[in-house]
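Presented below is the structure to which this report refers.
The values are calculated or read from the model by the stated rules, or taken from the named source; none is laboratory data. Please read all numbers here as calculations on a predicted model, not as lab measurements. Backbone-built Cβ (ideal geometry, glycine too); neighbour counts: all protein chains shown. Each accessible area value is taken on the protein alone, full model and side chains, heavy atoms only, with ligands, DNA and RNA left out. Shrake-Rupley method; radii C 1.70, N 1.55, O 1.52, S 1.80 Å.
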Amino acid sequence: MSDGDVMEKLVSLCKRKGFVFQSSEIYGGLNGCWDYGPLGVELLRNVKEAWWRSMTYREDVEGIDAAILMHPRTWEASGHVEGFTDPMVEDRKTNERFRLDHLLEEAGVDCTGLGLEEMTAKMAEVGLKSPKGNELGEARHFNLMFKTHVGPVEDSASVVYLRPETAQGIFVNFLNVQQAMRQKLPFGIAQIGKAFRNEINTKNFLFRTREFEQMEMQYFVAPGEEERWLDYWKEQRWTWITEGLGIAESRLRWREHGGGELAHYARAAFDIQFEFPFGWDEMEGIHHRGQYDLGRHEEYSGKQLKYFDDQSRQKVLPAVIETSAGASRQTMMVLTNAYAEEEVRGDRRTVMRFHPRIAPLKAAILPLVKRDGMPEIARRLEAELRPHLRVAYDEGGAIGRRYRRMDEVGTPFCITVDSDTLQDGTVTLRERDSMEQDRVPGSDLLAEIRRRMDLWRHPES
Ligand code: GAP
């Protein structure tokens, strides 16, 4: 199966099974926007919930939920008004716009560290044309922030931006949180929320979209302690992705940003890359932002954002180590990592090998036949499990077909009520990955499922 096939099959499965739909599909869709269906929203919520627990259920990290719309000066201070741009070129004939660095890279030019002028020179050097073979216009910077207006008058004084990252809501609240929670350095603030970028080209399904969710944490440390915390958070994030999300280590790697490609705020940056069907690409970044952000907000707001250190009796401007992940991009990684097709006794099955903790449905309860009191027992088991786990009930069709349906949406456990259940109260517990079946007392089901969920490892790990 080629990588292109995998993408096509994944997108098709996502639609067919209610994971992800094209946004406003009946109107032809809106580029770069997607809707999460019943199983997709559960999967996304499970990813976010697992992140939230691992990042904020600890003494040194507090959570917040800041507004999407912020004072416009925020984005001047952060450097986004001036510097949050991508290099863009336009097809002179069709007026379609493209990311210049992407076109150059497709033409075999390595754009790492190149500025707009250097890329313009490369355009001429390789005789770059648009994907339709037409002449290209002049290269220019394109700001990725969406603009809108607050209040009834649409003038320059009312301009606000849809936030392109959640981080700034954290920086401007640094002292509020520190003082309210009586935190001491080092400590972090975490947030999950929507971010918006007017990407020139959206592509690869949920990977690069115009509306997406971020899961960010800014860890404030005393200057001089950055390296130690950078290493610490790199290790934490890697462990969470492999153990928390169940991603196969063989599909993950680190990539350090070279000096020329660092974002305007960063002193050092490390991406965790995942091997998507279209190649290795960034999935999460761990950044050393130094004192850039708090320093700039002090300058632009005229307010002090220094931390008072009780011991030294001095005020210090903390430095920041950031962990920044896209919830939607991680969900795409989880979907890609889970997708598998395999031969089973002459039959072909598609199986989504989600980590059971992340899987949208944890178990399906299936009466073998629709008689002899089996549906009633199955419904009773369902009622017992439902307050604790997201479960499904299915009594339609041959048992093999029902197992396949559950494999395809990644349900890790199937519980079958059969004639033995009528005799001794045991049920068949079938595991999605191995397809092995064991008999388990109906009364032990919840504990047994929880035990197996904790033991789960991705088969390729
Ligand atoms: N606060 C730093 C920051 O926003 P970034 O590298 O621009 O850094 C962080 O973005 C993460 O957000 C990325 O690693 C990716 O997971 C996600 N992300 C960024 N742009 C995205 C887009 N257009 N669509 C989906 N996810 C995106």
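Quick grid of which residues meet (1) within 30 Å of ILE192 (Cα to Cα); (2) modelled with pLDDT under 95; (3) open to solvent by less than 10 Å² (accessible area, probe 1.4 Å); (4) in contact with a Pro (Cβ under 9 Å, 6 or more places away or on another chain):
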position: GLY346; (1), (2), (3), (4): no, yes, no, no
position: PRO356; (1), (2), (3), (4): yes, no, yes, yes
position: VAL369; (1), (2), (3), (4): no, no, no, yes
position: ARG380; (1), (2), (3), (4): no, no, no, no
position: PRO387; (1), (2), (3), (4): yes, no, no, no
position: ILE399; (1), (2), (3), (4): no, no, no, no
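Listed conditions (1) farther than 26 Å from CYS14 by Cα; (2) at pLDDT 95 or above; (3) open to solvent by 40 Å² or more (accessible area, probe 1.4 Å); (4) of a type outside the set (S, T, N, Q) are all met by LEU455, apart from (2). Selection over segment 186-244 of residues that are of a type in the set (Gly, Ala, Ser), near the ligand (Cβ under 10 Å from one of its atoms) and open to solvent by 40 Å² or more (accessible area, probe 1.4 Å) gives a count of 0.
Of GLU154, GLU106, all but one fail to be modelled with pLDDT under 95 and within 33 Å of the chain's Cα centre (by Cα); the exception is GLU106. For segment 407-450, the set of residues classified as in a helix (DSSP H, G or I), open to solvent by less than 20 Å² (accessible area, probe 1.4 Å) and over 19 Å from GLY373 (Cα atoms) consists of ASP407, LEU445, ILE449, listed by residue number. Across segment 255-279, the qualifying residues are those that are over 15 Å from SER324 (Cβ atoms), out of contact with any helix residue (DSSP H, G or I) (no Cβ under 9 Å at 6 or more places or on another chain) and not acidic (Asp, Glu), and the one among them that is least open to solvent (accessible area, probe 1.4 Å) is GLY258. In segment 161-185, of all residues being crowded, with 19+ Cβ neighbours inside 10 Å and of a type in the set (Gly, Ala, Ser), the one that is farthest from the ligand (Cβ to nearest atom) corresponds to GLY169. Of the candidates LEU128, LEU144, the single residue that is under 30 Å from PHE220 (Cβ atoms) and touching a residue at least 24 places away in the same chain (Cβ under 8 Å) is LEU144.
So which residues in segment 248-267 are among the aliphatic types (A, V, I, L, M) and at pLDDT 95 or above, if there are any at all? Selection gives LEU252 alone.
Residues checked against (1) closer than 30 Å to ASP424 by Cβ; (2) of a type in the set (Gly, Ala, Ser); (3) free of Cβ contacts under 8 Å to residues at least 40 places away in the same chain:
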residue: ASP309; (1), (2), (3): no, no, no
residue: ARG313; (1), (2), (3): no, no, yes
residue: ALA340; (1), (2), (3): no, yes, yes
residue: GLU343; (1), (2), (3): no, no, yes
residue: GLY346; (1), (2), (3): no, yes, yes
residue: ARG353; (1), (2), (3): no, no, no
residue: ALA364; (1), (2), (3): yes, yes, no
residue: GLU376; (1), (2), (3): yes, no, yes
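In segment 97-216, counting only helices (runs of 4 or more DSSP H) that sit wholly within it, the ones holding 1 or more residues that are among the basic types (Lys, Arg) span 116-126. Is segment 301-318 home to any residue that is open to solvent by less than 40 Å² (accessible area, probe 1.4 Å), within 14 Å of the ligand (Cβ to nearest atom) and at pLDDT 95 or above? The answer is no, given that none of the residues of segment 301-318 is open to solvent by less than 40 Å² (accessible area, probe 1.4 Å), within 14 Å of the ligand (Cβ to nearest atom) and at pLDDT 95 or above.
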